[in-house]
2 protein chains.
Amino acid sequence: MRVLVNGVASQGVDVRDRGFQYGDGIFTTLRSVDGQPRLLAWHLSRLADGCARLGMRYPGGGLLSADLRALGDASGENVIKIQLTRGIGGRGYRPLTEGEPTRVVSRYPFPAFPKAYYHSGVSLTHCRTPLGINAALAGIKHTNRLEQVLGRAEWADEYQEGLMCDTEGFVVEGTMSNVFMVKSGTLETPLIDRCGVNGLMRRLILEVAQASGMAVRERRIRPNELASADELFLTNCVIGVWPVARLDSKTYGIGETTRMLSARADEWQRQEARSW
Amino acid sequence: MRVLVNGVASQGVDVRDRGFQYGDGIFTTLRSVDGQPRLLAWHLSRLADGCARLGMRYPGGGLLSADLRALGDASGENVIKIQLTRGIGGRGYRPLTEGEPTRVVSRYPFPAFPKAYYHSGVSLTHCRTPLGINAALAGIKHTNRLEQVLGRAEWADEYQEGLMCDTEGFVVEGTMSNVFMVKSGTLETPLIDRCGVNGLMRRLILEVAQASGMAVRERRIRPNELASADELFLTNCVIGVWPVARLDSKTYGIGETTRMLSARADEWQRQEARSW
């Protein structure tokens, strides 16, 4: 793993950093192919949005792009994580608006996901840990992730992902992914207006689905509605699209729509990379 | 500020530490008088509870007490903060149960609160930022504190504290304190079963009130009920007890019950310190 903290090679941050003290920050995780970060403009834009929502200064795409260049070249597939915190300062919880954010940019080898996850699908479970509802934080990929940690701690290796519901019982997302279902030709995914992460692969899938003429709905979805879905799949920027083969005891076929959307999202990213 | 990380003088933690990555940890803040940490046994017990709730290994009171001794002697009043994180390791959100927690123990000068806060009371406001409801995290003094950061960011110096309500509109606590009201001789404070922090000064106040023969109720409280309270006060282990003189436009007298409970809580702590 190679890490730059505020542009300088380092593995450490100050214990007083508000990211460490309060989880007072945001992050994003990119897939990089032969040195080209995929969906970079979207990732930077979401970081800027996250900073605005939390009242943090955004360091700017220029500085972050310079950090990415300073990471150096890497061949093949890698994962790049950009984490921004509110830095050091303020009194207790009170943030200083003029504070300098901390930038941590790191690159690590791409996880060796089994090919079967893509071709045969993955196994899902339902997590018991709920997601609290709070529109003030909904959508933001912030570093207050205890709910996801507790959700992920509910199983070991017997599943690839767990679905989390909000405290009212509606399905929101996986611990590390967004979730979609295909039902009678319509693509449906949970709203993320009250909790959950505004995933960029989620956004890309919604865009390519609409561009393909599919009906698309974001709405509140009950767990039992997933059982009658024709297809189910998970998304994030590192895994891409994982078809779901099983949710607890219910099994699903690997559907044509999932394959089509996954291929179009891939193609969209390859085309974007060519123009980088 | 003097800081020990895992018992060694240091100002830094690894960027891979789950405390920095996910806010995956807990903390407590103690008042120390002439080298004697007040309510230490309670603080250690709450840290052990927090670790158990989050499935983290508790490093043990022996090790933490050794850290406190290693901080060295300090005269007068100081603040000691103990932060425990799940340490480095795990895959993504998934925690390793056998992981070694990170211990950060730090001491800093006691804040110079104006005497008037204690004698004439403080000014409170209502925060717009809500607290999400999630029993899985309720009560734990964890390091997922973005809600408190956003709440505290709503005002500058015109108030000493802000009250936060849950997403159903019930009063829960201040951004950094618990809240009590006295009404017709009964002491009332919000339940912390769905969100909020299990404050130790809150617990001590409840104990001395019951020992004094007062009627005590923990219940759901609406903001408008505070307006008809006879007395209102705030607690945490650093501030002790702050009477509230004003909540937005409503004013309160500094009541006898507040003074009595504050004095008894002080006396309780002095007696405990003598037996340390």
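Selection of region B:146-160 for residues being open to solvent by less than 30 Å² (accessible area, probe 1.4 Å) and either of a type in the set (Gly, Ala, Ser) or in a loop (DSSP other than H, G, I, E, B) (or both) yields B:GLY151, B:TRP155.
When A:THR129, A:THR143 are checked against the criterion of being surrounded by fewer than 22 Cβ atoms within 10 Å (Cβ to Cβ) and at the interface with chain B (Cβ under 10 Å from one of its Cβ atoms), A:THR129 stands alone in meeting it.
Can you tell me which residues in region A:177-210 are under 25 Å from A:LEU40 (Cβ atoms), touching a Phe, Trp or Tyr at 6+ places or on another chain (Cβ under 9 Å) and open to solvent by 50 Å² or more (accessible area, probe 1.4 Å)? Within region A:177-210, A:ARG203, A:GLU207 qualify. Is it the case, given these coordinates, that B:SER106 is in a strand (DSSP E or B) and either within 30 Å of A:GLY162 (Cβ to Cβ) or of a type in the set (Gly, Ala, Ser) (or both)? Here the answer is yes, as B:SER106 does meet what is asked.
Among the helices (runs of 4 or more DSSP H) confined wholly to region A:1-73, which include 3 or more residues that are over 18 Å from the mean Cα position of the chain (by Cα) and without any contact (Cβ under 8 Å) to a residue 40 or more places away in the chain? First the steps, then the outcome.
Numbers: elements: A:18-22, A:40-54, A:61-70.
Of the helices (runs of 4 or more DSSP H) lying wholly inside region A:1-73, those with at least 3 residues that are over 18 Å from the mean Cα position of the chain (by Cα) and without any contact (Cβ under 8 Å) to a residue 40 or more places away in the chain span A:61-70.
Of the residues in region B:236-252, not one is out of contact with any Gly (no Cβ under 9 Å at 6 or more places or on another chain), open to solvent by less than 40 Å² (accessible area, probe 1.4 Å) and of a type in the set (Phe, Trp, Tyr).
Yes/no matrix, rows are residues, columns are (1) touching a helix residue (DSSP H, G or I) at 6+ places or on another chain (Cβ under 9 Å); (2) surrounded by fewer than 21 Cβ atoms within 10 Å (Cβ to Cβ); (3) under 30 Å from B:THR235 (Cβ atoms):
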residue	(1), (2), (3)
B:GLY7	yes, yes, no
B:ASP14	yes, yes, no
B:LEU40	yes, no, yes
B:ARG46	yes, no, yes
B:GLY62	no, yes, yes
B:ARG69	no, yes, yes
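Pairing each residue of region B:253-276 that is closer than 17 Å to B:TRP42 by Cβ with any residue that is of a type in the set (D, E, K, R) and in a helix (DSSP H, G or I), provided the two are 6+ apart or on different chains, yields C-beta distances under 9 Å for B:ALA265/B:GLU207; B:TRP268/B:GLU207.
Only one of the numbered conditions (1) among the polar types (S, T, N, Q); (2) at pLDDT below 95; (3) within 18 Å of B:ARG16 (Cβ to Cβ) is not met by A:THR29, and that is (2). Checked against the criteria, B:LEU96 does not count as open to solvent by less than 10 Å² (accessible area, probe 1.4 Å) and within 14 Å of another protein chain (Cβ to nearest Cβ). A count restricted to region A:146-163 and to residues that are of a type in the set (A, V, I, L, M, F, W, C), closer than 27 Å to A:ASP49 by Cα and either within 7 Å of chain B (Cβ to nearest Cβ) or touching an Asp or Glu at 6+ places or on another chain (Cβ under 6 Å) (or both) stands at 3.
The values are calculated or read from the model by the stated rules, or taken from the named source; none is laboratory data. A quick note: this is a predicted structure, and the numbers were derived from the prediction, not measured. Please note: Cβ atoms are built from the backbone with ideal geometry, for glycine as well, and neighbour counts cover all protein chains shown. Keep in mind that these areas ignore ligands, DNA and RNA; they rest on the heavy atoms of the full protein, side chains included. Shrake-Rupley method; radii C 1.70, N 1.55, O 1.52, S 1.80 Å.
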